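Below is one structure; the comments refer to it alone.
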Amino acid sequence: MQVWNNYQTENKDRFLNELLDLLRIPSVSARTEHKDDMVTCAEAVKARLLEAGADKVEIYPTEGHPLVYGEKIIDPTKPTVLVYGHYDVQHADPLELWNSGPFDPLIKDGKIYARGSCDDKGQFYMHVKALETMVKTNTLTTNIKFCIEGEEEVGSPNLGKFVKTHKELLKADVILISDTAMISLDTPSIDIGVRGLSYIEIEVTGPNRDLHSGVYGGAVANPITILSKMIASCHDENNHITIPGFYDDVLSSTDAERKKMAEAPFDENEFKTDLGIQQLWGEKGYSTNERTGIRPTLEVNGIWGGYTGEGAKTVLPSKAFAKISCRLVPNQSSEKITSMILAHFKKIAPAFVTVNAFEHHGGEPYITPIDSHEYQSAAKAIAATFGKDPIPVRGGGSIPICALFEKELNVKIVFMGFGLDSDNLHSPNEKYDIVNFYKGIETIPYFHQFFAEKKS
């Protein structure tokens, strides 16, 4: 719509500068030293929503970090869109690998380099500016609600309780989320699902204290060695997960679904070059896109123990630790898989060591039907601004709250992400292309227009 384009063009510099200000706030939910920054960021989100035209915005405290709720109700009889996003970000470690300050946004080659630029400040802020565009041009066709939390990066431990106790407040006809990616601006896509998550930590203890590796080495089992062997045993020669029962509930994709996925452009050599690797790895019998979309995985996210400081210390450590995550696919239960993995590591532990394993957090997988009016509204919106129909794809990441949203609010979720897989999420030098940011602001109003038409 031309009136949208005119308004967005006139205000594009301000839109960008507002995002940069938001990115300067180190809203790291996992670090206690950033507790005050979390409050500061929540207050900034509230202010921006009010400026954009929201009639009501409130900050709700939780047992952890605050949640921001906002709304613009134009007519109770019209359909309501609930926008979900998160203002918290991952920590920036390792700092030495950043080419610029993680909370000092740098614009280079048309890209914004900063922690949270894509995940998820840049993406949820598109919706704030889309709201402003529609309010200022008097073209809003739906009611809009915002639920912007501050704990997504730590598993949303308090959001579920909030949703259950505020069902009427959050009541909507669809939930719209931009916390995913698309293939490219040339090949737009829509994630039709995200994987679930099971995240555990393992502690392996050998001797009751650190020992001299010369005096005791060769006679006492090294917990790091034992833990490494236990982890290695979780995959066989075909990179198939060996934990008994792990695949029992997996909903396998049909040949037709796999054929549709194969239509997405993918250059394996370009993929390897971008990552700086010589060879790809994964479950035998599946393509790279299938391994990251429709198949479950088990990955070590961190492993440590013993002496890791400067210089040498010849020690046989008392303890070794690892953090392990599993990405889950439809029909798999995070609770069931977590219990299975915890029991497995305790069972396979040799008598040389003792094992303590516990859960951090988890979440369920989620699928959006492509024949639903919710998905079709998003697809039509993408086509309106990109000039071509989007390809439906499965996302490899997880948004733990999705399944609970649908269960408690009884509505479908649509993913409209404008990031790219190359945006270095959770890594140093996270980025977000400015053109993608603007494209999101341009596209989102069309979703509201088309969704209202389908619901009327």
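Read-outs: derived from the displayed coordinates by stated rules, not from any lab. Keep in mind that what you see is a predicted model, and the values were worked out from it rather than measured. All Cβ positions, even for glycine, are placed from backbone atoms using ideal geometry, and neighbour counts span all protein chains on display.
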ask   = Applying 1/(1 + (r/R0)^6) with R0 = 41 Å to the Cβ-Cβ distance of ASP255 and ARG31, what FRET efficiency is obtained, to the nearest 0.05?
value = 0.35
message = Can you give me the distance in nm between label points at ASP13 and ALA384, each placed 7 Å from the Cα along the Cα-to-Cβ direction?
response = 2.9 nm
key: Mean Cα-pair separation over length for the chain, i.e. relative contact order, pairs under 8 Å, 6 or more apart, %   = 25 percent
key: Theoretical gain in end-to-end length, ASN356 to THR77 [0.36 nm per residue, Cα-Cα removed]   = 95.0 nm
task = Return one number: the angle in degrees, 0 to 90 and rounded to the nearest 10, between the long axis of the Cα atoms of helix 121-136 and the longest principal axis of the Cα atoms of the chain.
result = 10 degrees
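Counting other beta carbons within 10 Å of each residue's own, what order do ILE231, ILE391 fall into, fewest first?
ILE231, ILE391
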Local electrostatic count, PRO223, Cβ distance below 15 Å [Lys/Arg +1, Asp/Glu -1] = +1
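Under a Cβ-only charge scheme (Lys and Arg +1, Asp and Glu -1), can you give me the dipole magnitude of the chain about the Cα centre, in debye to the nearest 20?
With Lys and Arg at +1 and Asp and Glu at -1, about 560 debye.
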key: Length released on extending from TYR216 to LYS136, taking residue separation times 0.36 nm less the Cα-Cα span   = 21.4 nm
note = The summed charge of the LYS319 Cβ neighbourhood (under 9 Å; Lys/Arg +1, Asp/Glu -1) stands at -2
request  = Could you list the square roots of 5 times each eigenvalue of the Cα gyration tensor of the chain, that is, the equivalent ellipsoid semi-axes, sorted largest first and rounded to whole Å?
outcome  = 41, 25, 22
query = Does a label point 7 Å from the Cα of ASN5, set along Cα-to-beta-carbon, have any residues of segment 413-456 with amide nitrogen under 16 Å, and which are they?
reply = 438-446
Kirkwood hydrodynamic radius over Cα pairs of segment 170-212, then Stokes diffusion coefficient at 20 °C and 1.002 mPa s, in µm²/s = 133 µm²/s
request  = Enter the angle in degrees (range 0 to 90, nearest 10) between the Cα long axis of helix 434-455 and the first principal axis of the Cα atoms of the chain, meaning the one along which they spread out most.
outcome  = 60 degrees
query = In what sequence, highest mean first, do 393-406, 242-255 appear when ranked by Cβ atoms within 10 angstrom?
reply = 393-406, 242-255
inquiry  = Please report the antiparallel percentage of DSSP beta bridges with both residues in the chain, rounded to the nearest 5.
reply    = 70 percent
remark   = GLN376 and LYS336 label points (each 7 Å along its Cα→Cβ direction) are spaced in nm at 3.3 nm
request  = Taking 7 Å along the Cα-to-C-beta vector as the label spot, tell me the GLU408-THR40 distance in nanometres, rounded to one decimal.
outcome  = 3.0 nm
key: Convex hull projection area averaged over all views, segment 66-138, Cα basis, nm²   = 6.9 nm²
request  = Count charges around GLY70 for me, please; just the other residues with Cβ under 13 Å from its Cβ, Lys/Arg as +1, Asp/Glu as -1.
outcome  = -2
task = Give the order of TYR69, TYR84 when sorted by the count of other beta carbons within 10 angstrom, beginning with the fewest.
result = TYR69, TYR84
ask   = Per residue of the chain, what 222 nm ellipticity follows from adding -39500 (n - 2.57) for every DSSP H run with n ≥ 4, rounded to the nearest 500?
value = -10500 deg cm²/dmol
note = Taking Cα atoms only, helix 2-23 is inclined relative to the longest principal axis of the chain by an angle, in degrees rounded to 10, of 30 degrees
note = Note: probe point = Cα of LEU185 + 7 Å toward Cβ; backbone nitrogen < 14 Å; residues of segment 424-456 passing the test are 432-443
message = Need the full-extension length gain, GLU283 to GLU263, defined as separation in residues times 0.36 nm minus the C-alpha distance. One decimal, nm.
response = 5.2 nm
note = The FRET efficiency for ALA343 and LYS164, from their Cβ-Cβ distance with R0 = 35 Å and rounded to 0.05, is 0.75
Unit charges at the beta carbon, dipole of segment 299-401: most positive-side option, ALA351, SER339, SER398 = ALA351
